[in-house]
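J.: First the structure, which I've put down as structure tokens, then a few questions once you've had a look.
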Amino acid sequence: MIAIVYTSQATTDFDKESLKSLLLQCRINNKKKNVTGLLLYKNREFIQVIEGEDEDVEETFKHIKTDPRHDGVEAILKERIDKRFFPFWAMGMCNPDKSEELKNRPLSDIKYNKMSVYQLLKDFKNDLL
């Protein structure tokens with residue numbers, strides 16, 4: 001299994017309703033491929049982790065890179081995993097302002113520090129369980 005964490009910029013603003021629609025679509029697509037993960041969105045920036053079997057995650061990431069809603073898609077982590085970080089979430093979504101580390105920073109700042117990415121994901125997972 002692998003996990004990919006990526007950042008991207010939204011090509012348009014997402015309001016609450018369009019985010020709900022995006023999340024629903026992600027959940028439907030991810031359930032078909034047994035991909036799980038977490039999506040964060042703030043000020044037209046995304047950070048997302050997708051995890052699962054190699055081929056399924058790679059195919060999902062390839063689709064994301066060609067999705068017209070995303071620009072500047074950049075994988076910041078791609079690693080082998082023994083178990084899923086988010087095993088029960090076809091796609092979870094959280095408000096990044098719940099993280100003290102990201103409250104007053106753009107999401108893209110996190111990509112420069114691998115340990116910060118892991119800590120952020122751990123914080124959100126613990127906060128939501």
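J.: For residues that are crowded, with 19+ Cβ neighbours inside 10 Å and among the polar types (S, T, N, Q), scanning just segment 40-60, find the one that is farthest from F86 (Cα to Cα).
T.: That would be T60.
J.: Output the residue which, of all residues in segment 55-69 that are of a type in the set (D, E) and modelled with pLDDT of 95 or more, is farthest from L22 (Cα to Cα).
T.: Within segment 55-69, the first condition is being of a type in the set (D, E), and the residues that meet it are 55-56, 58-59, 67.
Still in the list and also modelled with pLDDT of 95 or more: 55-56, 58-59.
On the way: E55: 22, D56: 19, E58: 19, E59: 18 Å.
Going through the qualifying residues, I end up with E55.
J.: Step by step: first the residues of segment 101-110, then only those that are surrounded by fewer than 18 Cβ atoms within 10 Å (Cβ to Cβ) and under 14 Å from L40 (Cα atoms), then the one that is modelled with the highest pLDDT. Which residue is that?
T.: Within segment 101-110, the first condition is being surrounded by fewer than 18 Cβ atoms within 10 Å (Cβ to Cβ), and the residues that meet it are 101, 103-106, 109.
Okay, now just the ones that are also under 14 Å from L40 (Cα atoms), so 101, 103, 105-106, 109.
Numbers: E101: 55, K103: 55, R105: 55, P106: 53, D109: 58.
Step by step, filter segment 101-110, then rank; the result is D109.
J.: Which is modelled with pLDDT under 85 and within 16 Å of I4 (Cβ to Cβ), of G72, G52, G92, G37? Show your work before the answer.
T.: Details: G72 fails: modelled with pLDDT under 85; G52 fails: modelled with pLDDT under 85; G37 fails: modelled with pLDDT under 85.
Just one listed residue meets the conditions, G92.
J.: Okay, moving on. Find the residue count for segment 1-28, including only residues that are of a type in the set (G, A, S) and modelled with pLDDT under 90.
T.: In the first step, residues of segment 1-28 are kept if they are of a type in the set (G, A, S); the result is 3, 8, 10, 18, 21.
Checking which are modelled with pLDDT under 90 leaves us with 18, 21.
Residues flagged as of a type in the set (G, A, S) and modelled with pLDDT under 90 within segment 1-28 amount to 2.
J.: Take the residues in segment 10-39 that are polar (S, T, N, Q) and surrounded by fewer than 17 Cβ atoms within 10 Å (Cβ to Cβ); name whichever of them is nearest to T66 (Cα to Cα). Steps first, please.
T.: At the first step, the residues of segment 10-39 found to be polar (S, T, N, Q) are 11-12, 18, 21, 25, 29-30, 34, 36.
Then keep just the ones that are surrounded by fewer than 17 Cβ atoms within 10 Å (Cβ to Cβ); that gives 11-12, 18, 21, 25, 29, 34.
Working: T11: 12, T12: 15, S18: 19, S21: 18, Q25: 16, N29: 15, N34: 20 Å.
Ranking the candidates gives T11 first.
J.: Can you tell me how many residues within segment 1-39 are farther than 18 Å from P87 by Cα and in a strand (DSSP E or B)?
T.: 5
J.: Please work out if F86 is assigned to a strand (DSSP E or B) and buried (at least 19 other Cβ atoms within 10 Å of the Cβ). I'd like the intermediate steps shown before the answer.
T.: Numbers: assigned to a strand (DSSP E or B): no; buried (at least 19 other Cβ atoms within 10 Å of the Cβ): yes.
No; evaluated as a whole, the condition is false for this residue.
J.: Filter segment 5-38 for residues that are of a type in the set (V, I, T), in contact with a helix residue (DSSP H, G or I) (Cβ under 7 Å, 6 or more places away or on another chain) and touching a residue at least 60 places away in the same chain (Cβ under 8 Å) and give the result.
T.: Selection gives V5, T7.
The values are calculated or read from the model by the stated rules, or taken from the named source; none is laboratory data. None of these values were measured; they are calculated from a predicted model. Cβ atoms come from the backbone with ideal geometry, glycine included; neighbour counts cover every protein chain shown.
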